[in-house]
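Chemist: Below is the structure I would like to discuss, written out as C-alpha cells.
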Amino acid sequence: MRNRKIKIPQYLVRGKRRDFHVLVFPRLKHTWAYYDSDSEHYAIDADIVGCKWLRFAMASLIAAPDKIVYFPIRTKTSFHGYYFPNYDAVLTRSELQLRRSEWVSLRRQLTPDHQINQFVLRYEPDKLCDYVEKFDVEQQRSYRRKHSSRQEIYTLLGDTVFMPLMKDSCYLFHQDILDTAWQNDENYGSSINWDFGWFLPDGAIHNMAAHETKTQP
C-alpha cells in the first residue's frame, strides 16, 4: 500500500489554561455526523472520499495525540431527507481531555491570524496495519477493559459531535475502514465498526437520492 505525505491546515488557538493545535480537515460532501437511533449513539457515515479522510484522521491522532481533528461537515439541510439534523465532528485522543465547553471559543480562533505551518502527516498504512496484526491476546483484553470503562463516550454539544478515541481505537478503526470502504455496487453499504459509523458506496448514495424520504427539515 502506497505511503503518502498529507498536508493538513493547522491552527494554534488559545484555551483557558493551555494552547491547542487544531487540524482542519476538508468540508466533505457525503460525510455526516449524526445520532444513530438504532445503535443509540453518535456516529459518522461517509462515502469513499470521506472514509479516506477518516483514515487520515486516525493516522494523525496516532502520530500526534496532542492534536484536535476538526471536520466542518455540518449542513443546514438534509440529504434528500436523510441525516437531519447533522453536525460538525471533533475527534481527539481521549488523554487530551478537551473540555467541550471550550470548543466554541477555540473554533472562533480558526482564522488566518492563527494559522501556522501545515501539519505534515506521513501516512504509512502498512505500518498501521502491522500494529493491528500484532495485537496479542493480552492487548485485546486490556483494550476491552479500557473500552468497557467508557473512556470513549461520544457526545453532542451545540452543533458539534465530540469523539474522544483511545490509541488502540484509532488503529482498529483505521483497519476497519480499510477493510470496509472499497467501491462496489452495493445499494446499502457496510458498518465500519459497531460503534463508529457506516460506509456508503456510490450505490447507497444514489439510492438515497432516488428515494427521498419525508423527513425534511
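Chemist: Please work out which one of (1) within 30 Å of Arg74 (Cβ to Cβ); (2) at pLDDT 95 or above is the condition Glu124 fails and give its number.
Modeler: It is condition (1) that Glu124 fails.
Chemist: Against the condition in contact with a Leu (Cβ under 7 Å, 6 or more places away or on another chain) and open to solvent by 10 Å² or more (accessible area, probe 1.4 Å), how does Lys29 come out, does it pass? If you could, list the steps in order and put the result at the bottom.
Modeler: Working: in contact with a Leu (Cβ under 7 Å, 6 or more places away or on another chain): no; open to solvent by 10 Å² or more (accessible area, probe 1.4 Å): yes.
For Lys29, the condition - in contact with a Leu (Cβ under 7 Å, 6 or more places away or on another chain) and open to solvent by 10 Å² or more (accessible area, probe 1.4 Å) - is not met.
Chemist: Related question: Only one of Asp66, Asp47 is out of contact with any strand residue (DSSP E or B) (no Cβ under 6 Å at 6 or more places or on another chain), acidic (Asp, Glu) and surrounded by fewer than 16 Cβ atoms within 10 Å (Cβ to Cβ). Can you tell me which?
Modeler: Every option except Asp66 fails the conditions.
Chemist: Still on this structure, I have one more. Could you list, in sequence order, all residues of region 84-106 that are hydroxyl-bearing (Ser, Thr, Tyr) and more than 16 Å from the chain's Cα centre (by Cα)? Break it down stepwise before answering.
Modeler: So the first thing to find is which residues in region 84-106 are hydroxyl-bearing (Ser, Thr, Tyr), and the list is 87, 92, 94, 101, 105.
Ser101, Ser105 - these are the residues of region 84-106 that are hydroxyl-bearing (Ser, Thr, Tyr) and more than 16 Å from the chain's Cα centre (by Cα).
For (1) at pLDDT 65 or above; (2) in contact with a helix residue (DSSP H, G or I) (Cβ under 8 Å, 6 or more places away or on another chain); (3) at negative phi; (4) not aliphatic (A, V, I, L, M), each residue gets a yes or a no:
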position: Tyr131; (1), (2), (3), (4): yes, yes, yes, yes
position: Tyr143; (1), (2), (3), (4): no, yes, yes, yes
position: Arg150; (1), (2), (3), (4): no, no, no, yes
position: Gly158; (1), (2), (3), (4): yes, yes, no, yes
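Chemist: Shifting gears a bit: Quick one: in region 182-206, which of the residues that are at pLDDT below 90 and of a type in the set (A, V, I, L, M, F, W, C) is nearest to the chain's Cα centre (by Cα)?
Modeler: Restricting to residues being at pLDDT below 90 and of a type in the set (A, V, I, L, M, F, W, C), the top hit is Phe196.
Chemist: Between residues in region 151-176 that are farther than 18 Å from Asp66 by Cα and open to solvent by 30 Å² or more (accessible area, probe 1.4 Å) and residues that are modelled with pLDDT under 90 and part of a helix (DSSP H, G or I), which pairs lie under 7 Å by C-beta distance while being six or more apart or on different chains?
Modeler: Note: pairs meeting the criteria are Leu172/Val132; Gln175/Val132.
Chemist: Sticking with this one: Quick one: Gly189 ticks every box in (1) open to solvent by 40 Å² or more (accessible area, probe 1.4 Å); (2) at positive phi except a single one, so which number is it?
Modeler: (1)
Chemist: What number goes with the only condition from (1) surrounded by fewer than 15 Cβ atoms within 10 Å (Cβ to Cβ); (2) in contact with a His (Cβ under 9 Å, 6 or more places away or on another chain) that Leu54 does not pass?
Modeler: Leu54 satisfies all of (1) surrounded by fewer than 15 Cβ atoms within 10 Å (Cβ to Cβ); (2) in contact with a His (Cβ under 9 Å, 6 or more places away or on another chain) except (1).
Chemist: Note down all Cβ pairs under 6 Å where the first residue falls in region 104-115 and is within 8 Å of Leu12 (Cα to Cα), the second is among the β-branched types (Val, Ile, Thr), and they're at least six residues apart or on different chains.
Modeler: Listed pairs, sorted by first residue: His114/Val13.
Chemist: If the Cβ limit is 7 Å and pairs must be 6+ apart or interchain, which residue in region 50-71 that is within 16 Å of Gln118 (Cα to Cα) and of a type in the set (Asp, Glu) pairs with which residue that is open to solvent by 20 Å² or more (accessible area, probe 1.4 Å) and outside any helix (DSSP H, G or I)?
Modeler: What qualifies is Asp66/His21.
Chemist: Further, regarding this structure: Is it true that some residue in region 69-81 is surrounded by fewer than 21 Cβ atoms within 10 Å (Cβ to Cβ), within 25 Å of Gly203 (Cβ to Cβ), aromatic (Phe, Trp, Tyr) and in contact with a strand residue (DSSP E or B) (Cβ under 6 Å, 6 or more places away or on another chain)?
Modeler: Looking through region 69-81, none of the residues is surrounded by fewer than 21 Cβ atoms within 10 Å (Cβ to Cβ), within 25 Å of Gly203 (Cβ to Cβ), aromatic (Phe, Trp, Tyr) and in contact with a strand residue (DSSP E or B) (Cβ under 6 Å, 6 or more places away or on another chain).
Chemist: Of the conditions (1) farther than 14 Å from Tyr171 by Cβ; (2) surrounded by 15 or more Cβ atoms within 10 Å (Cβ to Cβ), Leu128 fails just one. Which one is it?
Modeler: (1)
The values are calculated or read from the model by the stated rules, or taken from the named source; none is laboratory data. In this text the structure is predicted, and so the values were computed from the model without any measurement. Neighbour counts run over all protein chains shown; Cβ positions are idealised from the backbone, glycine included. Note: areas computed on protein heavy atoms with side chains; ligands, DNA, RNA excluded. Shrake-Rupley method; radii C 1.70, N 1.55, O 1.52, S 1.80 Å.
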